[in-house]
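Notes follow once the structure below has been shown.
Only the coordinates and a few stated rules stand behind these numbers; no lab work does. Please read these numbers as outputs of a predicted model, since none were measured by experiment. Here the Cβ positions follow ideal geometry from the backbone for every residue, glycine too, while neighbour counts run over all protein chains shown.
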Amino acid sequence: MLLSIGIISVASIVWEGPASPISDGMTRTLETMAEAVVEGDRGAYMALVNPADEKFLTEQRAWFDDLTRNSVESFSIEPSEVLRYGPAFSPAVIAVKYQWVLERDGIERSFESRIRLTPMNRNADGPWLFSGRDWDVIQSSPETELRVYADQQHGELAEGVFEITPGILSRIESEFGEALSEPLSIKIYPTMQELQFSIAPGYLDPLSGWNEPGESIKVLGRDEVSAERISTLLAHEIGHAVSFEFGESTIDAPWWTLEGIAELVADEYRSDSIQRRELRVAKQVARGDRRTWEQLSDFKGEALNHTGYVYAHGWSMIRFITKRFGAEARNNWFTQMGHGESIESATQSVFGISFEQLDEMWESEMLRLAQESESDAERERATPQP
Ligand SMILES: [Zn+2]
C-alpha cells in the first residue's frame, strides 16, 4: 500500500533579506525562561512554553522537573539572529546559544541550535512562546499521524524511518495486545549533546534512544546509517511507547522489566545471535556474576550502576517468562503492574508463584543452559579430529 507522504518543509520563508534583529519581546522571553531555570520557578517557565503540542509540553515538564535532581549554577539562552520570520502568529526561527553550568560539576557546557518562537500577538515586542527546536524536515502522514522530525543531513534516514515504523509498530501492538493511544512522533537528533540536552540540562549519560510516557521517541541520527540498521533501536523505543499502554503506572514497574520487554521486541530486528546473547547471560549467572532484581529496579538510583545487567538480564528474564508462561500471561503481568500492583503480587496472581520462585526458575534455566554448552564443548574436545 502506498502511504501518502507529506513532507512539510518548515522553511515557509515569508520574510527575506538581511539578518533581522532580535526583537525586545524575544529577548525578554528567553531571559525570563533562563531566569526561571536558575530559580527553579516551574510556573514561570511553563507559562512560556507553547501548549499547542501536547507531547512537547510533556517533554518540557520532564525537562524542567529534572532540575530538582540536577540543578544549574547558571543558565542562559543567547539569541544571535532571527533566521526566519513567519507570517502573523506563526513561529519565527531564531539562532541561539545555550550555555549552562551544573552545580554538581561546575563545568561550563554550551551548544548552538535553532529554536522556534511563536508570537502571542501581532506585536514583535510583545510576549513570545517557546515552541521547541526547529527542524528542517517533518515527514508526516495524515493516515497514521506518524511524524518524523530531522535535520537536512538526516533527511534520507528520516524517510527510511518513516517507511519502516508503521510495520514495526503494528507487530509490537499485536504482540502486546495494546494499541497506541497517541500517534507516534520520532525526533532524530544530529548530535549526542542535543539529544541529551533535550532530555534535561543535567542528562550526561551516553545514549542512542529515549522514550518516556507521553513524549516523542528520540533517537540519535548517524550519518551513513540506514533505517534498517537502526530498526533494532526503533523497535526498542517503540516497545517502550506501546508498553506504557499497559497502564499509567507502567513507568513505575522495575526498570529491568521495562528494558527487558523493549529488548525482547527488538529481537526480531537484531543482527547478532539471540542464542549467543542468552548464553552470555547464562554463563554470567553460572559464575555468580549477577545482581539482585532489586538492584536493577530504580532507574534514577542504584540501577544506574548496573545498566548492563538491567538490559541483558532483564531481557533474559522477560524472554524466559514469555517462553514459560506465554505472551498473554506476560502481558497480563505487565497490565497488573501498569495498574499499580507490585511485582510480587502481579507474579503471584498471574503466574501463581512467588517472585522468589520465578527467580529460582530462571536461574536454574540459566544454569542448565550454561551446563549444556559446557558439556557440548567437552564433547567436542573429546571427539578425535578425523
Ligand atoms: Zn530502553
> What are the ³J(HN,Hα) values, in whole Hz, obtained from phi via the Karplus relation 6.51 cos²θ - 1.76 cosθ + 1.60 with θ = phi - 60°, for each residue of region 295-304 in sequence order, with x given for Gly and Pro?
Replying inline: 5, 9, 9, 9, 7, 10, x, 2, 4, 4
>> Per residue of region 113-125, what does 6.51 cos²θ - 1.76 cosθ + 1.60 with θ = phi - 60° give for ³J(HN,Hα)? Whole Hz please, x for Gly and Pro, Karplus curve as stated.
In response: 8, 10, 10, 10, 10, 10, x, 7, 8, 7, 9, 4, 8
>> If you fit an axis through the alpha-carbon atoms of helix 24-39 and take the longest principal axis of the Cα set of the chain, what angle between them do you get, 0 to 90°, nearest 10?
In response: 40 degrees
> In whole Å, what is the distance between the alpha-carbon centres of region 171-212 and region 119-167?
Replying inline: 15 Å
> Based on the Cβ-Cβ distance from residue 108 to residue 152, what FRET efficiency comes out when R0 is 25 Å, to the nearest 0.05?
Replying inline: 0.30
> Build a GNM of the chain with springs between Cα atoms under 10 Å: which of 330, 69, 290 gets the top mean-square fluctuation?
Replying inline: 69
> Given H placed on each backbone N at 1.01 Å, which residues far from residue 49 in sequence or on other chains put an amide H within less than 5 Å of it?
Replying inline: 130
>> Can you give the Rg/Rh ratio of the chain, where Rg is from the C-alpha atoms and Rh is the Kirkwood radius?
In response: 1.03
> What length, rounded to one decimal in nm, is gained on full extension from residue 345 through to residue 70, with 0.36 nm per residue of separation minus their alpha-carbon distance?
Replying inline: 95.6 nm
>> Kirkwood hydrodynamic radius, computed over distinct alpha-carbon pairs, for region 244-386: how many Å, to one decimal?
In response: 16.0 Å
> For residue 226 and residue 125, what does the FRET efficiency come to when R0 = 51 Å and r is the distance between their Cβ atoms, rounded to the nearest 0.05?
Replying inline: 0.60
> Which whole-number percentage describes the relative contact order of the chain, with Cα contacts under 8 Å and a sequence gap of 6 or more?
Replying inline: 12 percent
>> Counting only other residues whose beta carbon sits under 10 Å from that of residue 55, what net charge do I get with K and R as +1, D and E as -1?
In response: -3
> Using the Cα gyration tensor of region 135-246, with a ≥ b ≥ c the square roots of its eigenvalues, what is the shape: rounded (a/c below 1.5), prolate (a/b larger than b/c) or oblate (neither)?
Replying inline: oblate
> Within straight cross-link reach of residue 97, meaning Cα distance under 15 Å, which aspartates and glutamates are found once same-chain residues fewer than 8 apart are removed?
Replying inline: 31, 78, 81, 108, 112, 134, 194
> Given R₀ = 56 Å, FRET efficiency for residue 375-residue 181 by Cβ-Cβ distance, to 0.05?
Replying inline: 0.70
> Once you put a point 7 Å from the Cα of residue 298 and another 7 Å from the Cα of residue 279, both along the Cβ direction, what distance in nm separates them?
Replying inline: 3.8 nm
>> Using helices alone, I'd like the mean residue ellipticity at 222 nm for the chain: each DSSP H run of four-plus residues gives -39500 (n - 2.57), total over residue count, nearest 500.
In response: -14000 deg cm²/dmol
> What list of ³J(HN,Hα) couplings, whole Hz, do you get for region 172-185 from phi and the Karplus terms 6.51, -1.76, 1.60, once you set θ to phi - 60° and write x for glycine and proline?
Replying inline: 5, 4, 6, 4, 8, x, 9, 10, 4, 8, 10, x, 7, 10
>> Pick from 276, 116, 222 the residue whose mean-square fluctuation is largest in a GNM of the chain, springs joining Cα atoms under 10 Å.
In response: 276
> If you take the square roots of the eigenvalues of the alpha-carbon gyration tensor of region 178-325 and sort them as a ≥ b ≥ c, do you get rounded (a/c under 1.5), prolate (a/b over b/c) or oblate?
Replying inline: rounded
> Quick one: Cα centre-to-centre distance for region 20-39 and region 325-355, in angstrom?
Replying inline: 49 Å
> How much length, in nm to one decimal, is gained on full extension between residue 145 and residue 52, taken as 0.36 nm per residue of separation minus their Cα-Cα distance?
Replying inline: 31.9 nm
>> Could you tell me how far the Cα centroid of region 360-380 sits from the Cα centroid of region 231-287, in Å?
In response: 22 Å
>> Looking at the chain, identify the longest residue range that excludes and avoids all GluC sites (Glu not before Pro) in DSSP loops having at most 14 other Cβ atoms within 10 Å.
In response: 249-386
> Taking springs between alpha-carbon atoms closer than 10 angstrom, which of 196, 284, 336 fluctuates most in the Gaussian network model of the chain?
Replying inline: 284
> In nm, what is the difference between 0.36 nm times the number of residues separating residue 118 and residue 359 and their Cα-Cα distance?
Replying inline: 81.4 nm
